[in-house]
Amino acid sequence: MTDNKPVAHRTPNFSAGPATIPTQVLERAQDELLDWQGRGVSVMEVSHRSKEYLAITEKAEAKLRSLMAIPDNYKVLFLQGGGSLQFSAIPLNLLKDGHADYLTTGTWSAKAIKEARRYEALGLGEVVEVATGKASSFTDVPAQSEWKLSDNAAYFHYCANETIHGVQIFEPPKVDVPLVVDMSSCILSQPIDVSDYGMIYAGAQKNIGPAGLVIVIIRDDLLGQASEWCPLLMNYTHQVEKESMSNTPATYSWYLAGLVFDWLEEQGGIEAIGNINAQKAELLYKTIDDSEFYHNSVATKHRSIMNVPFTLKDSELDKVFLEESEKAGLLHLKGHREVGGMRASIYNAVSLEWVQQLVDFMKDFEKKYG
Ligand SMILES: *Cc1c(COP(=O)(O)O)cnc(C)c1O
């Protein structure tokens with residue numbers, strides 16, 4: 001980094017995704033953009049099969065394995081199509097003409113089951129919805145005692161963090177079949193035990209890097225069972241054999257993900273970032289709960305530590321809140337159109353200081369309009 005480079009001004013950004021990327025990561029990408037490793041080319045401009053680029057992918061996978069303590073019997077894939085393409089890929093790889101259980105707790109898990117159901121019509125298997133939250137609100141998770149689990153399901157699918165509704169499932173459900181979990185908006189946010197899961201997947205644009213990339217972590221024994229109709233690019237076994245390079249991968253996104261993993265390691269790893277995330281969430285929820293002006297309706301034990309939706313006492317003030325917060329330099333606090341109100345997404349790259357600024361603003365706003 002050059003000495004007299006101005007410090008980048010970075011505005012507190014609470015976007016749900018694509019979301020904030022750590023400043024140090026973007027600075028490093030900027031430094032390397034035109035002249036990567038002194039080669040006079042950008043990472044974007046080299047072959048994905050070159051030994052220099054392969055060093056990046058190997059390092060990114062090694063870092064991710066170390067950060068998440070991924071056991072050796074799991075494969076890690078860096079694919080394309082975001083989190084959503086996995087909704088279609090999972091049944092084709094894992095259904096095996098059988099049936100699978102799905103838990104619906106919000107918009108994302110609802111999308112996942114909808115995609116899986118397309119295969120029923122083709123006779124490729126069946127999909128069972130074991131339980132669904134209240135579609136009108138999705139503020140809680142149905143208790144496991146109410147789930148109608150089927151016998152011998154090929155897998156159990158759920159979404160660990162519903163990004164839109166701010167509903168998180170912290171403990172892996174205790175079922176006898178492999179868990180397949182969408183962790184798009186909570187991966188790397190707190191320690192988990194990877195061996196609790198059959199497959200973990202996550203679109204990158206929340207806690208990993210640029211949109212488009214998706215990471216799949218899959219246990220060995222779930223490979224090798226894809227339907228003959230499974231498109232090659234969606235076939236996990238094939239992608240494992242090709243080391244995620246069946247076709248040209250999203251090379252720049254993969255590189256940036258590697259830089260984010262470096263950054264996470266420098267922050268002290270997932271336990272350290274998890275502690276900060278807990279503090280951020282606590283500060284924000286406490287501010288909401290301590291006031292009569294703000295409200296979050298998610299059941300306490302399922303309140304997301306990454307996405308915090310909240311409403312104002314008077315929804316007429318929503319517009320004013322958004323205008324004034326933006327003027328105060330706090331970006332993207334508008335709630336998703338499905339739920340309205342506000343939402344603060346406080347992913348790994350959103351600092352405690354930014355959350356403090358948000359809380360200060362909220363208190364001032366309440367004083368002014370409450
Ligand atoms: C963002 C998100 C997705 C979809 O990601 P895309 O990259 O847009 O396909 C899926 N699941 C969850 C929980 C998400 O937050």
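The values are calculated or read from the model by the stated rules, or taken from the named source; none is laboratory data. Remember, it's a predicted structure, so these values are computed and weren't measured experimentally. Reconstructed Cβ throughout: ideal geometry from the backbone, glycine too, with neighbour counts over all protein chains shown. Remember, those area values only see protein heavy atoms, side chains included, never the ligands or the DNA or RNA. Shrake-Rupley method; radii C 1.70, N 1.55, O 1.52, S 1.80 Å.
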What are the ³J(HN,Hα) couplings of the range 274-289, residue after residue, when phi is run through the Karplus curve with 6.51, -1.76, 1.60 and θ = phi - 60°? Round to Hz, x for glycine and proline. x, 5, 5, 4, 5, 5, 4, 5, 4, 4, 6, 5, 5, 4, 5, 5
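Working out 0.36 nm times the residue gap between Ser66 and Glu228, then minus their Cα-Cα distance, what length gain in nm do you get to one decimal?
Between Ser66 and Glu228, full extension yields an extra 54.9 nm.
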Could you please put Asp193, Asp318, Asp290 in sequence from largest to smallest accessible area, using a 1.4 Å probe? Asp290, Asp193, Asp318
Net charge near Arg39, counting Lys/Arg +1 and Asp/Glu -1 over other residues with Cβ under 15 Å of its Cβ? -4
If amide H atoms are built 1.01 Å from N in the plane of the peptide, which residues on other chains or at least 5 residues away come under 5 Å of the amide H of Glu129? Tyr102
Once all protein chains are kept in place, Glu266 shows an accessible area at probe 1.4 Å, nearest 10 Å², of 140
Which residues in the range 214-242 have a backbone N closer than 20 Å to a point placed 7 Å from the Cα of Thr248 along the Cα-to-Cβ line? 214, 232-234, 239, 242
Which residues does a label at Glu292 reach in the range 308-322, if reach means a backbone N under 17 Å from a point 7 Å past the Cα toward the Cβ? 312-315
What percent does the relative contact order of the range 249-338 come to when contacts are Cα pairs within less than 8 Å and at least six residues apart? 18
Whole-Hz Karplus couplings 3J(HN,Hα) for the range 20-37, θ = phi - 60° and coefficients 6.51, -1.76, 1.60, Gly and Pro as x, run 3, 10, x, 4, 4, 5, 5, 5, 5, 4, 5, 4, 9, 4, 8, 9, 8, 6
For n ≥ 4 DSSP H runs only, could you compute -39500 (n - 2.57) per run for the chain, divide by its residues and tell me the 222 nm figure to the nearest 500? -11000 deg cm²/dmol
A chain fully extended from Arg118 to Ser47 at 0.36 nm per residue, minus the present Cα-Cα distance, gains in nm 21.9 nm
Accessible carbon and sulfur surface of the chain relative to its total accessible area, %, 1.4 Å: 50
Given a Förster distance of 56 Å, report the FRET efficiency between Leu331 and Asn152 from their Cβ-Cβ distance, rounded to the nearest 0.05. 0.70
How big is D for the range 36-265, in µm² s⁻¹ as a whole number, if Stokes-Einstein is applied with the Kirkwood radius of its Cα pairs at 37 °C and 0.692 mPa s? 181
Which entries of Lys174/Lys301; Lys319/Lys367; Lys280/Lys334; Lys63/Lys280 have Cα-Cα distances beyond 21 Å here? Lys63/Lys280
Rel. contact order, % - alpha carbon contacts under 8 angstrom, at least six apart, the chain: 22
Residue-level accessible surface for Phe365, protein heavy atoms, 1.4 Å, Å²: 0
Rounded to whole angstrom, the alpha-carbon centroid of the range 258-287 lies from that of the range 19-55 at a distance of 25
Looking only at the range 259-276, which residues have a backbone nitrogen under 12 Å from a spot 7 Å from the Cα of Lys59 in the C-beta direction? 259-263
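Net charge near Leu264: determine it from the other residues with C-beta under 12 Å of the C-beta of Leu264, scoring Lys and Arg +1 and Asp and Glu -1.
Here the charged neighbours net out to -3.
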Could you compute the net charge surrounding Ser109? Neighbours are other residues with a C-beta less than 14 Å from the C-beta of Ser109; K and R count +1, D and E count -1. -3
Rounded to whole Hz and in sequence order, give me ³J(HN,Hα) for the range 220-237 from the Karplus expression 6.51 cos²θ - 1.76 cosθ + 1.60, θ = phi - 60°, writing x for Gly and Pro. 3, 5, 8, 7, x, 10, 5, 4, 5, 8, 5, x, 3, 5, 9, 7, 4, 4
Take the chain, connect every pair of alpha-carbon atoms lying under 10 Å apart with a spring to form a Gaussian network, then pick out the residue of Val339, Val355, Val76 with the largest mean-square fluctuation. Val339
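Per residue, how much accessible area does the chain show when a 1.4 Å probe rolls over the protein heavy atoms, in square angstrom? Spell out each step's value before the answer.
On the way: 16980 Å² over 370 residues.
Each residue of the chain exposes 46 Å² on average to a 1.4 Å probe.
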